[in-house]
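Take a look at the structure below.
Throughout, read-outs are computed from the coordinates displayed, never taken from laboratory work. Note that the coordinates shown come from a computational prediction; the quantities given were computed from them, not determined experimentally. In this analysis, Cβ positions are derived from the backbone assuming ideal geometry, glycine residues included, and neighbour counts consider all displayed protein chains.
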Amino acid sequence: MHPDLFESEPTAELLASGATWAEGPVWIPESRTLRFSDIPGDRILSWCEQEGLTVYAEGVEFTNGRTLGLRGEVVQCSHGRRRVEVDRGGDVTELVSTYRGARFNSPNDVVVASDGAVWFTDPSYGIEKEGEGHPGELEYGGRWVFRFDPATGEATPVVTDLEQPNGLAFSPDESILYVSDTSTDLPSGEPNPSGGHHIRAYDVRDGRRCMHGRTVVTIQDGVPDGFRVDEHGHLWSSAGDGVHVFTPDGREIGVVPTPRKVGNLCFGGDDGTTLFVLASDSLYAVRTRVRDAAQVLRSRG
Ligand code: MG
């Protein structure tokens with residue numbers, strides 16, 4: 001196994017079980033907790049070393065992905081409210097819910113760039129899949145990736161060539177945006193062998209446009225739902241059989257097997273090098289030697 005990634009053979013240590021389908025993890029340094037969604041359970045869970053797993057909030061309108069804003073606030077996606085919202089100490093307010101008057105489908109995952117812009121994916125799982133939101137229509141007619149500019153209050157489409165955009169992350173210098181397409185997983189649950197199960201890379205121009213899309217990673221077992229990029233530019237992707245690690249050009253350099261299908265993951269812990277892995281109903285921890293690219297970029301200011 002790659003010595004830059006792990007000190008020894010990596011193992012996934014079980015921390016907690018009891019979610020229905022766990023998604024959307026974020027490490028909150030202030031409280032030293034991991035917060036994540038239980039989407040079908042319509043609740044947000046919290047894990048910390050002292051207390052283990054607790055319920056943070058219930059009846060949350062099917063939140064999914066989340067990340068930290070520049071001031072430590074939690075930015076999260078809500079399938080049920082079809083919006084991106086902010087949680088400041090339990091006070092939840094809307095950030096954005098429409099594009100040119102049409103509601104989003106069901107924002108799935110979100111990242112905040114170093115300039116404060118909020119980039120998020122908008123597939124249709126939350127309006128088409130039973131138990132993960134409310135049934136609804138595609139109002140703007142696509143399934144796109146958007147960039148929300150807090151200065152103008154407007155969302156602009158940045159990627160429109162994916163069938164079901166899902167996870168997303170920037171390269172360490174934010175010159176590349178990676179977005180996964182999980183359209184092999186249809187909202188109906190029917191098999192869709194011709195659908196996507198890959199991650200595409202886009203060159204980011206002027207911090208606001210995406211160009212030259214190309215597929216860099218294809219996951220063979222399952223789909224790359226959520227993923228993260230580490231400080232060296234490696235992609236850490238979820239898959240059906242664990243976490244797979246790739247170089248920026250898509251060469252696989254590590255695997256951490258898990259007993260269950262992985263939905264999402266994030267780096268955290270006191271030194272930022274613990275990988276928290278959400279696999280179906282359970283939360284696992286993996287010791288690594290790397291930190292999240294965005295965290296390192298922000299710590300350099
Ligand atoms: Mg997702």
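Of note:
- The modelled label-to-label distance for the pair residue 28/residue 94, using points 7 Å beyond Cα in the direction of Cβ, is 2.4 nm.
- Inter-label distance for residue 9 and residue 271, nm, one decimal - labels placed 7 Å from Cα along Cα-to-Cβ: 2.3
- Where both bridge residues fall in the chain, DSSP classifies roughly 100% of the beta bridges as antiparallel.
- Note on residue 20 and residue 49: with the Förster distance fixed at 25 Å, the Cβ-Cβ geometry gives a FRET efficiency of about 0.60.
- Contact order relative to length of region 1-137, as percent, for alpha carbon pairs under 8 angstrom and 6 or more apart: 15
- Separation between Cα centres of region 230-301 and region 133-166, rounded to whole Å: 26
- Net length available on complete extension from residue 71 to residue 208 is 47.2 nm, with 0.36 nm assigned per residue and the Cα-Cα distance removed.
- Across region 13-299, counting alpha-carbon atoms alone, Rg and Dmax equal 16.9, 47 Å.
- Separation of the residue 252 and residue 151 label points, Cα + 7 Å toward Cβ, nm: 4.3
- Contact order, relative form, for the chain: 16 percent (alpha carbon pairs under 8 Å, 6 or more residues apart, mean separation divided by residue count).
- Protection-proxy order for peptides 98-104, 285-291, each taking the mean of Cβ atoms within 10 Å per residue, highest first: 285-291, 98-104
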